[in-house]
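Shown next, in structure tokens, is the structure this report addresses.
Nothing in this text is a laboratory measurement; each read-out follows from the coordinates by a stated rule. Fair warning: this is a prediction, and the values are worked out from it, not measured in the lab. No Cβ is skipped: glycine too gets one built from the backbone with ideal geometry, and neighbour counts run over all protein chains shown.
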There are 2 protein chains.
Amino acid sequence: MLGSEPVGVGKEVGDGPRCFHICKLPGRALGTRVLRLSLVAVLLLLLVAGALTTLLPNNKDDKMLSWRREVKAQGQSALASFTLIMQTYNRSDLLLRLLNHYQAVPQLHKAIVVWNNVGEKPPEDLWNSLGPHPVPVIFKPQTTNRMRNRLQAFPELETQAVLMVDDDMLISAQDLAFAFSVWQQFPDQIVGFVPRKHVSTASGVYSYGGFELQTPGVGDGDQYSMVLIGASFFSSKYLELFQRQPAAVHALVDDTQNCDDIAMNFLIAKHTGKTSGVFVKPVNMGNLEKETSGGHSGMWHRAEHFLQRSYCVNKLVSVYGGMPLKYSNLMIAQFGFPYANHKSKL
Amino acid sequence: MLGSEPVGVGKEVGDGPRCFHICKLPGRALGTRVLRLSLVAVLLLLLVAGALTTLLPNNKDDKMLSWRREVKAQGQSALASFTLIMQTYNRSDLLLRLLNHYQAVPQLHKAIVVWNNVGEKPPEDLWNSLGPHPVPVIFKPQTTNRMRNRLQAFPELETQAVLMVDDDMLISAQDLAFAFSVWQQFPDQIVGFVPRKHVSTASGVYSYGGFELQTPGVGDGDQYSMVLIGASFFSSKYLELFQRQPAAVHALVDDTQNCDDIAMNFLIAKHTGKTSGVFVKPVNMGNLEKETSGGHSGMWHRAEHFLQRSYCVNKLVSVYGGMPLKYSNLMIAQFGFPYANHKSKL
């Protein structure tokens with residue numbers, strides 16, 4: 001109620017047709033009250049109108065805009081994006097350079113850095129001081145420097161797909177976009193850029209190698225039976241599956257500080273009954289190992305590295321009671337990238 | 001009963017311990033009988049022994065040998081081999097040269113030559129006079145010279161897979177072996193060597209083309225939505241499915257003497273809900289068209305050929321009430337053939 005007296009009480013009206021005081025309110029005092037009332041009425045009307053406009057159907061642009069805002073807030077859907085898992089040891093210069101690259105790759109949901117530099121603080125402050133960043137990057141300091149740290153079922157992982165990359169591999173965004181689309185067509189296999197194989201020998205002992213180990217004179221071309229996880233896409237469910245493997249598998253990986261990828265290929269081949277991986281030919285992928293300033297030179301430089309891998313193959317056959325790996329010779333490339341790559345160069 | 005008197009009846013034995021006459025048969029007459037009986041007994045034993053040996057388990061070599069004989073007699077199994085269907089018109093020189101090549105391709109079960117030279121005798125006599133041949137080749141003289149003659153559900157076809165090749169295409173055995181192995185992994189799609197595409201235009205009218213029609217500036221690389229059947233593997237069930245298509249489809253192919261392959265891609269995409277074909281990059285495939293002496297120069301030289309194909313795409317969309325073709329950018333190559341082909345040439 002505005003003013004001190006109620007409106008409409010006909011105290012001072014004379015005889016004649018009765019009407020509301022609002023029509024015949026005499027005097028300046030009442031005129032001010034009318035003004036106030038009018039203003040209030042107008043404001044009320046504006047408020048009501050404003051409230052009503054939110055009920056109106058949005059025009060198309062508004063819809064698009066609000067959808068985009070929603071997407072930004074919630075991130076990309078669990079199926080249409082992937083999470084980078086990058087384990088790192090003593091190569092922070094390479095790590096940060098690579099994060100600058102991978103952070104901008106389309107369809108990346110989040111990056112998880114498995115920080116194996118025990119006792120050393122991860123560069124979170126530096127990272128934050130150089131923000132904003134396109135996606136969240138989570139640094140996970142580890143309590144022991146273990147190769148299989150990267151195969152934990154991280155709670156921060158929200159996507160179906162994992163992109164696992166070694167901390168010295170630079171893979172172009174084109175290669176990643178294509179390989180991710182291939183993974184979406186082969187989601188229960190490792191889709192990656194590095195093929196390897198096991199071979200049987202006359203003695204029954206297995207050995208591990210690459211394309212240099214192509215069996216001469218047998219059939220045409222080569223075969224692969226593993227795809228290394230250090231440059232690949234695979235389903236996040238396999239991290240959980242790895243955790244559930246026999247203790248002997250974990251012990252093997254811990255003892256050798258090697259072979260986590262061979263173990264993953266074994267368990268996936270066994271689980272699916274298919275070849276564990278699908279090889280996608282990279283167009284532009286490079287190793288930056290030589291470019292580290294004083295950083296770690298890479299496990300594969302150890303004298304025993306490759307012998308260990310053959311050792312692991314035989315050990316895993318014994319743990320799994322058989323050889324589950326299967327051969328494939330399918331090499332998948334992106335049609336038309338580079339231009340006219342479908343033409344043979346014979 | 002041998003001899004005229006039964007053995008064992010003790011007529012002439014004297015007193016003393018009774019024994020069978022066989023012990024004491026006197027005289028030469030009975031001696032001959034014994035000899036005959038012995039011979040008969042021996043023969044019987046030999047027969048029984050002979051019969052028994054067939055029940056013995058065969059040693060491994062014998063098993064392999066008899067299996068190979070069985071296979072030769074019955075041909076290769078329906079899943080592990082394919083049937084060549086080659087339609088020909090006025091290019092017998094190329095045809096015979098190509099048959100000399102394809103007849104020797106491993107895993108070929110049989111060849112069917114669709115003889116479109118109406119009124120002209122197929123070269124069966126010549127073929128037979130130059131035998132023996134590795135596989136049967138059936139010449140099927142046609143009553144009209146129609147492009148879709150090759151899409152009949154031939155009763156001679158015994159395999160799941162069809163290899164359809166134009167009568168001027170020479171595809172290496174390596175390419176065929178690999179593509180067949182890929183088809184076995186994608187049996188409900190056309191697995192072949194020639195990718196093509198349709199494009200949407202702003203007007204909604206479709207157009208047909210190859211990699212030269214890659215949409216500039218949109219995404220990376222190219223896409224294909226069809227694999228031409230004239231150099232491909234596909235399931236023989238699709239021949240029956242083609243026969244069951246609406247009359248409008250058959251009429252279109254007959255009117256244009258073109259587009260049977262586009263029609264096949266439409267029906268397979270519609271049937272599977274997937275991309276109709278999978279492109280395999282050929283290593284050594286060539287067209288011998290220029291090498292024909294006075295033969296037919298090929299339908300694609302007709303002025304209207306390519307415009308017809310765009311026309312067919314639009315017509316088929318109208319027949320099928322929509323565009324069923326799907327895009328793919330997967331190019332499948334044989335790992336390690338040629339050697340080290342997994343390495344990029346950047």
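A few comments on the model shown:
- Note on segment A:258-303: Kirkwood hydrodynamic radius from all Cα pairs is 13.6 Å, rounded to one decimal.
- Working from Cα pairs under 8 Å separated by at least six residues, relative contact order for segment B:142-249 is 39 percent.
- Inter-copy label distances at residue B:143, using a point 7 Å along Cα-to-Cβ, come to 8.5 nm with the shortest given first.
- Across all directions, the average projected area of the convex hull around the alpha carbons of segment A:231-343 is 9.6 nm².
- In summary, the convex hull built on the alpha carbon positions of segment A:102-237 has an orientation-averaged projected area of 11.1 nm².
- Dipole moment magnitude, nearest 20 debye, segment A:96-247 about Cα centre, only Lys, Arg, Asp, Glu C-beta charged: 340
- Phi angles of segment A:128-140 translate, via the Karplus equation with coefficients 6.51, -1.76, 1.60 and θ = phi - 60°, into HN-Hα couplings of 5, 5, 9, x, x, 10, x, 9, x, 10, 9, 8, 10 Hz per residue; Gly and Pro are given as x.
- Across the cross-link table entries A:290/A:326; B:197/B:345; B:237/B:315; A:274/B:281; A:343/B:326, which are compared at the Cα atoms, the separations over 32 Å belong to A:290/A:326.
- A simple spin-label model places pseudo-atoms 7 Å from Cα toward Cβ; at residue A:271 and residue B:144 they are separated by 5.7 nm.
- Projected label distance in nm at residue A:34 and residue B:254, using a 7 Å step from Cα toward the beta-carbon: 9.1
- HN-Hα J in Hz across segment B:115-127 - Karplus 6.51, -1.76, 1.60, θ = phi - 60°, x for Gly and Pro: 8, 8, 7, 5, x, 9, 6, x, x, 5, 5, 4, 4
- Karplus-derived HN-Hα couplings along segment B:288-303 (A = 6.51, B = -1.76, C = 1.60, θ = phi - 60°), whole Hz, x at Gly and Pro: 9, 3, 5, 8, 7, 8, x, x, 4, 8, x, 4, 6, 7, 5, 4
- The Cα-based radius of gyration of segment B:304-346, divided by its Kirkwood radius, gives an Rg/Rh of 1.31.
- Contour excess over end-to-end distance, with Cα ends at residue B:326 and residue B:47 and 0.36 nm allotted per residue: 93.5 nm
- Close amide H contacts of residue A:112 (hydrogens built in the peptide plane, cut-off under 5 Å, sequence separation of 5 or more or a different chain): A:84, A:85, A:86, A:138.
- Cβ-Cβ FRET estimate between residue B:202 and residue A:213, R0 fixed at 56 Å, reported to 0.05: 0.55
- Take each residue in B:220-228, count the other chain C-beta atoms within 10 Å of its C-beta, and the mean is 4.
- In nm, spacing of pseudo-spin labels at residue B:220 and residue B:305 (7 Å Cα→C-beta vector): 3.5
- Peptides A:282-293, B:153-164 ranked from most to least packed, by the mean per-residue count of other Cβ atoms within 10 Å: B:153-164, A:282-293.
- Cut-off under 5 Å, modelled amide H: who pairs with residue A:236 long-range: A:161, A:162
- Relative contact order of segment A:77-341, pairs being alpha-carbon contacts under 8 Å that are 6 or more residues apart, as %: 22
- FRET efficiency, 1/(1 + (r/R0)^6) with R0 25 Å, evaluated for residue A:126 and residue A:173 via beta carbons: 0.55
- Per-selection Rg to Rh, segment B:77-341 - Cα, Kirkwood hydrodynamic radius: 0.95
- For residue B:51, inter-copy label distances in nm, listed shortest first [label point 7 Å out on the Cα-Cβ vector]: 10.6
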